[in-house]
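Novice: Let me give you the structure first, and then I'll get to my questions.
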Amino acid sequence: MSQDIRDLFKSDAPDDYLGSHQLPENHREEFIQKLKASRARPQRKLNPFYLFKLAAMLVLFMALAFWLWPSATPKAKVYVAQKLSVEAQVETVERQYLASIDHEWQRFLSLAKDEQLVERYRKKLKDLDDDYQSMTKQFKANQHNVIVIESLVENLQTRLRMLKEIQVHITILNEKTTTDEAVF
Amino acid sequence: MSKHLNQLISLSKKGNETAMLQLYDRYGAAMFRIANRYLNEEDAKDAMQEGFLKAFKHLDHFEPTATFGAWLKRIIINQCIDMLKKRQLQFTEMDAETLLVLDDDNWKVESTLTKKEVLASIERLPMKYRVVVKLYLLEGYDHDEISHILNMPIQTSRTHLRRGRLQLQDLLKNTYNVTRY
């Protein structure tokens, strides 16, 4: 009696022969790293916060430029006013972001059912806030440093983005239907 | 395709990393098993992940006429083959014996042989034949697809498959002591 080898492979499930290969435990984290690296400059939609940041940076730049050229600001009064304005700008930006972050955090709390997840994000936010506080000290010590100002804004943006992303994730999970497409 | 899958694909096209991760979670394990047919576990994982990154990069090329799984599988297999090629495996090596293959499409073996035994013998074939035989038998690709995947002329793919098949039948005969038909 003979059989056609091809028939052996036609009907059976595709993966019943090479043993059960399991992905290593850390494969997901590794993939996330690779994904982030491959998308180092992701195309994001131009969101209002980005525009807001741009506008704020522009104002700051002009303010600093004005302040750093003493000949252009002969009067001490203007000098002080400009100085105040740098701090005021940063504070405004900060206030806006913190309000948004708080709003997103509340939304996240109402969405998330997983205590561990909430704790993990609480910790992440706390770490970012600690960084922020130390950067604020640097900023107060030297308000000319644009890099510090940028880092401050970046820190706030990271928190906001993190909260938004996890919410999208939770929403998709909640919507997930049971009808999955077969691979084969 | 399910609505949810469509949604994930469309979000991924827009660059949503969360949706990409969901696709990875959904297909990763299956694609990893496919990659394991060609590579060891470590390389299979890398090829699978690189394949996903390529797929996400070229998601605009995905036509809903094929299933997403089949499209992804093709990319992962290409990635595996690329990795094999990096190991200097020559698929296109031709020798004087390249001949116009007569249509002796005889895949008959002893009926008592099991799939497991056949697979064990496939693993013992020389690499260049093994890959073609796997693409044909396990993945179900035809010569046209195989020649594209391996970037070789169809004739070479036919020749490799023919030699692979003959060697496989001999191996099965010698190992399990049964006659080739």
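The values are calculated or read from the model by the stated rules, or taken from the named source; none is laboratory data. Worth saying up front: this structure is predicted, and the values here are computed from it rather than measured. Here the Cβ is made from the backbone with ideal geometry for all residues, glycine too, and neighbour counts use every protein chain on show. Accessible surface is based on the protein model in full, side chains and every heavy atom, while ligands, DNA and RNA are left aside. Shrake-Rupley method; radii C 1.70, N 1.55, O 1.52, S 1.80 Å.
Novice: What are the ³J(HN,Hα) couplings of region A:134-143, residue after residue, when phi is run through the Karplus curve with 6.51, -1.76, 1.60 and θ = phi - 60°? Round to Hz, x for glycine and proline.
Specialist: 5, 5, 4, 4, 4, 5, 5, 6, 9, 7
Novice: Here's a follow-up. What accessible surface, in Å², does a 1.4 Å probe find on A:V146, ignoring ligands, DNA and RNA and rounding to the nearest 10?
Specialist: Accessible area, nearest 10 Å²: 60 Å².
Novice: Ignoring ligands and nucleic acids, what accessible area does A:R95 show with a 1.4 Å probe (Å², nearest 10)?
Specialist: 150 Å²
Novice: Evaluate the charge dipole of region A:112-180 about its Cα centre and quote only its size in Debye, nearest 20, assuming +1 on the Cβ of each Lys and Arg and -1 on the Cβ of each Asp and Glu.
Specialist: Working: 12 positive and 12 negative charges, 40 e Å.
My answer is approximately 200 debye.
Novice: Choose one answer from B:E50, B:E145, B:E17: the residue with the largest mean-square fluctuation in a GNM of chain B with alpha-carbon springs under 10 Å.
Specialist: B:E17
Novice: Between B:S111, B:S12, B:S121, which gets the highest mean-square fluctuation from a Gaussian network model of chain B, Cα cutoff 10 Å?
Specialist: Comparing B:S111, B:S12, B:S121 in the GNM, the peak value goes to B:S111.
Novice: Tell me whether region A:86-126 comes out rounded, prolate or oblate; compute the Cα gyration tensor, take square roots of the eigenvalues as a ≥ b ≥ c, and use a/c under 1.5 as the rounded threshold. Working shown, then result.
Specialist: Details: a/c = 7.48, a/b = 2.46, b/c = 3.05.
Judged from the Cα gyration tensor, region A:86-126 comes out oblate (a/c at least 1.5, b/c at or above a/b).
Novice: Using a 1.4 Å probe on the protein heavy atoms only, what accessible surface does B:D170 show? Give it in Å² to the nearest 10.
Specialist: The value for B:D170 is about 60 Å².
Novice: Output the 0 to 90 degree angle, nearest 10, between the alpha-carbon long axis of helix B:41-57 and the longest principal axis computed from the alpha carbons of chain B.
Specialist: 50 degrees
Novice: Please identify, among B:T67, B:T114, B:T18, the residue showing maximal mean-square fluctuation in a Gaussian network model of chain B using a 10 angstrom Cα cutoff.
Specialist: It is B:T114.
Novice: Here is a follow-up. Along region B:76-86, what does the Karplus equation 6.51 cos²θ - 1.76 cosθ + 1.60 (θ = phi - 60°) give for ³J(HN,Hα), rounded to whole Hz, x for Gly and Pro?
Specialist: Running phi through 6.51 cos²θ - 1.76 cosθ + 1.60 with θ = phi - 60° gives 5, 5, 4, 5, 4, 5, 4, 5, 5, 5, 4 Hz.
Novice: Okay, moving on. Past 18 Å, Cα to Cα: identify those pairs from A:K113/B:K3; B:K85/B:K128; A:K10/B:K134; A:K34/A:K126, in the order given. Walk me through the numbers before you get to the answer.
Specialist: Details: A:K113/B:K3 25 Å; B:K85/B:K128 10 Å; A:K10/B:K134 13 Å; A:K34/A:K126 26 Å.
Cα-Cα > 18 Å for A:K113/B:K3; A:K34/A:K126; rest within.
Novice: Could you derive backbone 3J(HN,Hα) for region B:23-31 from the dihedral phi with the Karplus parameters 6.51, -1.76 and 1.60 (θ = phi - 60°), listing whole Hz in sequence and x where the residue is Gly or Pro?
Specialist: Taking θ as phi minus 60°, the curve returns 5, 4, 4, 6, 10, x, 4, 5, 5 Hz for region B:23-31.
Novice: To continue, here is another question. Measure nothing fancy, just the Cα-based angle from helix B:154-176's long axis to the longest principal axis of chain B, in degrees from 0 to 90, nearest 10.
Specialist: 60 degrees
Novice: Right, here's the next one. Ordering A:K124, A:K10 by accessible area with a probe of 1.4 Å, largest first, what comes out? Before the final figure, lay out each step's value.
Specialist: On the way: A:K124 80, A:K10 150 Å².
Sorted descending by solvent-accessible area, the residues read A:K10, A:K124.
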